[in-house]
Amino acid sequence: MSATSPSKLPPFDPSDPIGIDDLLAPEDLAIRGTVRSWAADRVLPHIADWYERGELPGIRDLARELGSIGALGMSLEGYGCAGATAVQYGLACLELEAADSGIRSLVSVQGSLAMYAIHRFGSEEQKQRWLPGMAAGEIIGCFGLTEPDHGSDPAGMRTYAKRDGTDWLLTGRKMWITNGSVAGVAVVWARTDDGIRGFVVPTDAPGFSAPEIKHKWSLRASVTSELVLDEVRLPADAVLPDVTGLKGPLSCLSHARYGIVWGAMGAARASFEAAVDYAKTREQFGKPIGGFQLTQAKLADMAVELHKGILLAHHLGQRMDAGKLRPEQVSFGKLNNVREAIEICRTSRTILGANGISLEYPVMRHATNLESVLTYEGTVEMHQLVLGKALTGLDAFR
């Protein structure tokens, strides 16, 4: 077979230097375009102000709009969900996080944690009651697993549900809960005499409260809360019937981590593009700084890691669509992509110099957001140990 003539090769695309878009179907590109346009219209003009104020105003309207474009519970089937592929969901996460990690977190917690738990482990009655409204963004959900004293070791949770006749009484505290203060329903995991169980908790139940956590320096344009459960009385059918033990919440987390694999590359892309644009226009020593070798070396290295990360995310998405994606492979993706995304943001900041710390540019906002993404839903160390166990067969967690 003869080599393709250079004159017949497609032009080099700086925004897609290794041709990843060739792997995407027309429907994939259409979904990506829809989410990118929504984020450009509804988030990017306001996000610096929201971030500086430390709030996400109009979150309920944003949720309904995200529901209208099919972004909530996007990869789930039925009950008003879009039934998109894993790759399409990943592309949506990338575009949302290119706007801001807080927006992707809103969607991720809604769809990959709260809705996914009900869809996979809930009764038909629970699915019918909650999922259509959540898919439409009319009901916001949250996911209560992490506690003040138990993050990486959820088996040590203290939240407890005890029987009281046919009812359950749920008592405990959950911490760092995205969407908590605006949620209409919470999926809460608790110890019981029969093991760890999940409960679908209407947030208007007596004894339930969700004070918002303030004074954050990361994920500022996101609602983060504590959940306080003071003998919340729930009927017998509030428990998720189809799972007992940690495999329930951990399978939900694996699904959410998959979205982070893509999303982190969105934050990295936005920062990288800001650095490229700045390097082509900022002049020092008589020419644009993008014309200096050291700047070009930084840009080249960032481009390599950015598009390797997107290629990895796409590969994992194809494995998920084929039913072959293992939790260890999700750990591989989250560990690599978030770590590389933070480095891309930091290097982009050096190209922007002092302007890199200004909210006029997205770089520092993405960098500080990624500090949270780095440790939530599994710290670097935990994902290293997951991979270490998979590689050696030896458990180093304890």
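The values are calculated or read from the model by the stated rules, or taken from the named source; none is laboratory data. Small disclaimer: the values here were computed from a predicted structure and weren't measured. Heads up, the Cβs are rebuilt from the backbone with ideal geometry, glycines too, and the neighbour counts pull from every protein chain shown. Keep in mind that these areas ignore ligands, DNA and RNA; they rest on the heavy atoms of the full protein, side chains included. Shrake-Rupley method; radii C 1.70, N 1.55, O 1.52, S 1.80 Å.
At a 1.4 Å probe, what is the % contribution of carbon and sulfur to the accessible area of region 58-204? Before the final figure, lay out each step's value.
Working: 2200 of 4820 Å².
After summing per-atom areas, the C and S share lands at 46 percent.
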(message) Tell me which trypsin sites (Lys or Arg not before Pro) from region 170-214 have a DSSP coil assignment and no more than 13 other beta carbons within 10 Å of their own.
(response) LYS214
(message) Of the listed values (1) 25; (2) 21; (3) 32, identify the label whose number matches percent of Cα pairs over 33 Å apart calculated from this model.
(response) (3)
(message) Loop by DSSP (not H, G, I, E, B), at most 12 other beta-carbon atoms within 10 Å: where is the longest site-free stretch of the chain for chymotrypsin sites (Phe, Trp or Tyr not before Pro)?
(response) 13-216
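Keeping every protein chain in place, order LEU325, LEU96 by accessible area at 1.4 Å, biggest value first, i.e. largest first. Intermediate results must be reported in sequence, preceding the final value.
Values: LEU325 40, LEU96 5 Å².
Highest to lowest solvent-accessible surface, that is LEU325, LEU96.
With an 8 Å cut-off on Cα pairs and a minimum separation of 6 or more residues, tell me the relative contact order of the chain in percent.
Details: 709 pairs, mean separation 66.4, N = 398.
Taking the mean separation of contacting Cα pairs over the length of the chain, I get 17 percent.
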(request) Compute the signed sum of charges (Lys and Arg +1, Asp and Glu -1) over the other residues within less than 15 Å, Cβ to Cβ, of PHE292. (result) +2
(request) Express as a percent, rounded to the nearest 5, the fraction of DSSP beta bridges in the chain (both residues included) that run antiparallel. (result) 85
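Per 0.36 nm of contour for each residue apart, how much would the distance between GLU52 and ALA40 grow if the chain were fully extended, relative to their Cα-Cα spacing? Intermediate values should be presented prior to the final figure.
Numbers: separation 12, 0.36 × 12 = 4.32 nm, distance 1.86 nm.
Gain on extension, GLU52 to ALA40, equals 2.5 nm.
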(message) How far apart, in nanometres, would the label points at LEU387 and ASP242 be if each is projected 7 angstrom from Cα along the Cα-to-Cβ direction?
(response) 3.2
(message) Suppose each label sits 7 Å from its Cα in the direction of the beta carbon; what would the THR350-ALA297 distance come out to in nanometres?
(response) 0.9
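Kindly identify region 141-201 as rounded, prolate or oblate by the Cα gyration tensor criterion: order the square roots of the eigenvalues as a ≥ b ≥ c, call it rounded if a/c is under 1.5, otherwise compare a/b with b/c, prolate if a/b is larger, else oblate. It would help to have the intermediate numbers written out before the result.
Values: a/c = 2.34, a/b = 1.21, b/c = 1.93.
Judged from the Cα gyration tensor, region 141-201 comes out oblate (a/c at least 1.5, b/c at or above a/b).
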(message) For a quick check: with amide H placed at 1.01 Å from N, whose amide H comes under 5 Å from ILE140's, ignoring anything fewer than 5 positions away on the same chain?
(response) GLY184, VAL185
(message) To the nearest 20 Debye, how big is the dipole of region 256-398 about its Cα centre, given +1 on the beta carbon of each Lys and Arg and -1 on that of each Asp and Glu?
(response) 140
(request) Please find, in a Gaussian network model of the chain (springs between Cα atoms separated by less than 10 Å), the residue of GLN293, GLN110, GLN128 whose mean-square fluctuation is greatest. (result) GLN293
(request) With unit charges on the beta carbon (Lys/Arg positive, Asp/Glu negative), name the residue among THR379, THR347, GLY333 whose Cα is farthest towards the positive pole of the charge dipole of region 322-398. (result) GLY333
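Express the carbon and sulfur contribution to the solvent-accessible surface of region 303-398 as a percent, rounded to the nearest whole number, probe 1.4 angstrom.
Details: 2710 of 4760 Å².
The value for region 303-398 is 57 percent carbon and sulfur by accessible area.
Step through the table entries LYS280/LYS334; LYS247/LYS324; LYS174/LYS308; LYS127/LYS389, compare each Cα-Cα distance with 25 Å, and write down the pairs that go over it.
Among LYS280/LYS334; LYS247/LYS324; LYS174/LYS308; LYS127/LYS389, the Cα-Cα distance tops 25 Å for LYS280/LYS334; LYS174/LYS308; LYS127/LYS389.
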(request) Please go through region 35-123 and write out the GluC sites (Glu not before Pro) that DSSP classes as loop and that have at most 13 other C-beta atoms within 10 Å. (result) GLU77
(request) Quote to one decimal, in nm, the extra length available between ARG282 and LEU394 on full extension: 0.36 nm per residue of separation minus the C-alpha distance between them. (result) 35.1 nm
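Residues of the chain: accessible area per residue at 1.4 Å, in Å²? Write out the running numbers ahead of the final one.
Details: 18010 Å² over 398 residues.
Per-residue accessible area for the chain comes out at 45 Å².
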(message) Please list, by residue number, every one of the GluC sites (Glu not before Pro) in region 348-398 that is coil in DSSP and has at most 12 other beta-carbon atoms within 10 Å.
(response) GLU360
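Rounded to two decimals, what is Rg over Rh for region 245-398 when you use alpha-carbon atoms and the Kirkwood radius? Can you show the working numbers first?
Numbers: Rg = 17.8 Å, Rh = 16.6 Å.
With Rh from the inverse mean 1/r over Cα pairs, Rg/Rh is 1.07.
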